[in-house]
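**Student:** Here it is: the structure, laid out below.
The values are calculated or read from the model by the stated rules, or taken from the named source; none is laboratory data. Quick caveat: nothing in here was measured; it's all calculated off a predicted structure. Cβ atoms come from the backbone with ideal geometry, glycine included; neighbour counts cover every protein chain shown.
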Amino acid sequence: MAAMDATSGYDRMKELKEFDESKMGVKGLSDSGITSIPRFFVHPPETLSDFKNSSSTCTNIPIIDLSGIINSKDNDHRLKIVEQVKEAAKTWGFFQVINHGVPISVIDETIHAIKAFHDQPHEVKAKYYKRENELGGVMYTSNNDLYRAKSAAWHDSLQAWMGPEPLKVADLPEICRNEVVAWDKSATEVAETVMELLCEGLGLEAGKFKELTFLDARVLVGHCYPYCPQPDLTVGITSHTDPGVITVLLQNHVPGLQVKHGDEWVNVKPVPGGLIINAGDFLQIISNGEYKSVQHRVLANSSKEARISIVIFFNLAKWKGDGYHGPLPELLSSKKPAIYRNFSRQEFVENFYSKGIDTKSLIEKIKIQN
Ligand code: OGA
Ligand code: NI
């Protein structure tokens, strides 16, 4: 692609750079009162027409009530919940958990603190703004994949690696420091419970995923989707699948998240106190296709109030001795042969970081063709 559009004289790279170097993020653009968005945010007609194709019939992703399994030994009840989790992870790849044991005050404080970070003047946030060093530490940026994606999206993010190396807590912005640390702890407890249920759903020991270090490499991302003056021309987050094991997502009451179910895009209605869980590519692969990593996206926010979401991506921390991972041997038999080949850590990381989130996932690449 030519850097300069010969007919119009539009220099996309120059505009991207100016935006990036201003460190103002989309929140800064939104707050400045602009009425039209810069051209590099505008998505092609194919993407935009697909956004008109959202479902209004289907109401929500499955909601799973975890009360009765937290601190309880009622085995029959647990088996029912395992069934629900298994079914949801197989058919939707997404579900919402309620009564998960995290106090509502912790949830509210987390959302409030991340919103407070993004609400600061951009001169204050600018000191955290960077783009390098994506595999550790703390960074604030607009569009992780700004220079790699075909079109930019209307969100800014504060990102922190919470593990496996302990984060230097002092590196976190003070305005949300304690809340980020507390949220990581609470969300990890919920993730542990959910991973146990997912393991049992596959017929594995409940503690198998923990043992495989799936709780240890955590990236916490506090997204802000500010008001967008032209929400029909861009997106909040481009359609993608998450690369890791599972993702735990907390959102405020401003809607926008959509999940692909069959050929339809289903709106995920915010449920007060609910946490959204979704399976990532890594889980689909190691479960040999049993659990699904599905496409999801966020609409550009047309509400004056910002949409806030806090996600934690759970990834494995320790690659096996030979450096490879693939479908778990326990799940394979002559009746159920591996449908994916093993892949290396390098392939996993490169696949994610070499391009925009909008392109093909690792899953397609390592599928065994018959
Ligand atoms: C993500 C993601 C959705 C949201 O960060 O991978 O899908 O609601 N976020 O912010
Ligand atoms: Ni995602």
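**Student:** Considering each of Phe343, Phe352 in turn, give the residue that is away from ligand 2 (no atom under 16 Å from the Cβ), of a type outside the set (Lys, Arg) and modelled with pLDDT under 95.
**Tutor:** Among Phe343, Phe352, only Phe343 is away from ligand 2 (no atom under 16 Å from the Cβ), of a type outside the set (Lys, Arg) and modelled with pLDDT under 95.
**Student:** If a residue has to be away from ligand 2 (no atom under 15 Å from the Cβ), part of a loop (DSSP other than H, G, I, E, B) and either under 17 Å from Asn301 (Cβ atoms) or not β-branched (Val, Ile, Thr) (or both) to count, how many in segment 236-276 make the cut?
**Tutor:** Here the count works out to 11.
**Student:** Considering only residues that are surrounded by 19 or more Cβ atoms within 10 Å (Cβ to Cβ) and out of contact with any Lys or Arg (no Cβ under 9 Å at 6 or more places or on another chain), which ones fall in segment 245-266?
**Tutor:** Matches in segment 245-266: Val245, Ile246, Thr247, Val248, Leu249, Leu250.
**Student:** In addition: If I go through segment 282-296 residue by residue, how many of them are in contact (Cβ under 8 Å) with a residue 60 or more places away in the chain, within 16 Å of ligand 2 (Cβ to nearest atom) and under 22 Å from Glu350 (Cα atoms)?
**Tutor:** Here the count works out to 7.
**Student:** Now, a different point. Scan segment 326-338 and give yes if some residue there is crowded, with 22+ Cβ neighbours inside 10 Å and either among the β-branched types (Val, Ile, Thr) or more than 22 Å from the chain's Cα centre (by Cα) (or both), otherwise no.
**Tutor:** Yes, there is a match, as at least one residue in segment 326-338 is crowded, with 22+ Cβ neighbours inside 10 Å and either among the β-branched types (Val, Ile, Thr) or more than 22 Å from the chain's Cα centre (by Cα) (or both).
**Student:** Looking at segment 158-176 only, could you name the residues that are part of a helix (DSSP H, G or I) and within 17 Å of Ile308 (Cβ to Cβ)?
**Tutor:** Ile175, Cys176
**Student:** Which of the residues belonging to segment 283-297 are among the hydrophobic types (A, V, I, L, M, F, W, C), within 17 Å of the chain's Cα centre (by Cα) and surrounded by fewer than 24 Cβ atoms within 10 Å (Cβ to Cβ)?
**Tutor:** Val294
**Student:** If a residue must be surrounded by fewer than 14 Cβ atoms within 10 Å (Cβ to Cβ), among the β-branched types (Val, Ile, Thr) and in a helix (DSSP H, G or I), how many such residues does segment 63-104 contain?
**Tutor:** Counting residues in segment 63-104 that are surrounded by fewer than 14 Cβ atoms within 10 Å (Cβ to Cβ), among the β-branched types (Val, Ile, Thr) and in a helix (DSSP H, G or I) gives 1.
**Student:** With touching a Gly at 6+ places or on another chain (Cβ under 9 Å) and among the β-branched types (Val, Ile, Thr) as the only criterion, which of Val349, Val311 stands out?
**Tutor:** Matching residue, one of Val349, Val311: Val311.
**Student:** Give just the number: which of (1) without any contact (Cβ under 8 Å) to a residue 24 or more places away in the chain; (2) within 28 Å of Gly25 (Cα to Cα); (3) not β-branched (Val, Ile, Thr) does Gly262 not satisfy?
**Tutor:** In the conditions (1) without any contact (Cβ under 8 Å) to a residue 24 or more places away in the chain; (2) within 28 Å of Gly25 (Cα to Cα); (3) not β-branched (Val, Ile, Thr), Gly262 misses (2) alone.
Yes or no, residue by residue, for (1) within 24 Å of Asn75 (Cα to Cα); (2) in contact (Cβ under 8 Å) with a residue 40 or more places away in the chain; (3) out of contact with any Pro (no Cβ under 9 Å at 6 or more places or on another chain):
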{"position": "Gln159", "(1), (2), (3)": "no, yes, yes"}
{"position": "Leu167", "(1), (2), (3)": "no, no, yes"}
{"position": "Asp171", "(1), (2), (3)": "no, no, yes"}
{"position": "Cys176", "(1), (2), (3)": "no, yes, yes"}
{"position": "Val181", "(1), (2), (3)": "no, no, yes"}
{"position": "Val190", "(1), (2), (3)": "yes, yes, yes"}
{"position": "Cys199", "(1), (2), (3)": "yes, no, yes"}
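**Student:** Search segment 326-351 for residues that are closer than 19 Å to Asp281 by Cβ and pair each with any residue that is aromatic (Phe, Trp, Tyr) when their beta-carbon atoms are under 7 Å apart and the residues are at least 6 apart or on different chains.
**Tutor:** Gly326/Tyr340; Gly326/Phe343; Pro327/Tyr340; Asn342/Tyr324; Phe343/Tyr324; Ser344/Tyr324; Arg345/Trp319
**Student:** Related question: If you go through segment 177-217, how many residues are in a helix (DSSP H, G or I) and among the aliphatic types (A, V, I, L, M)?
**Tutor:** The total comes to 10.
**Student:** Look at Ala279 and say whether it is away from ligand 2 (no atom under 12 Å from the Cβ) and of a type in the set (Gly, Ala, Ser).
**Tutor:** Here the answer is no, as Ala279 does not meet what is asked.
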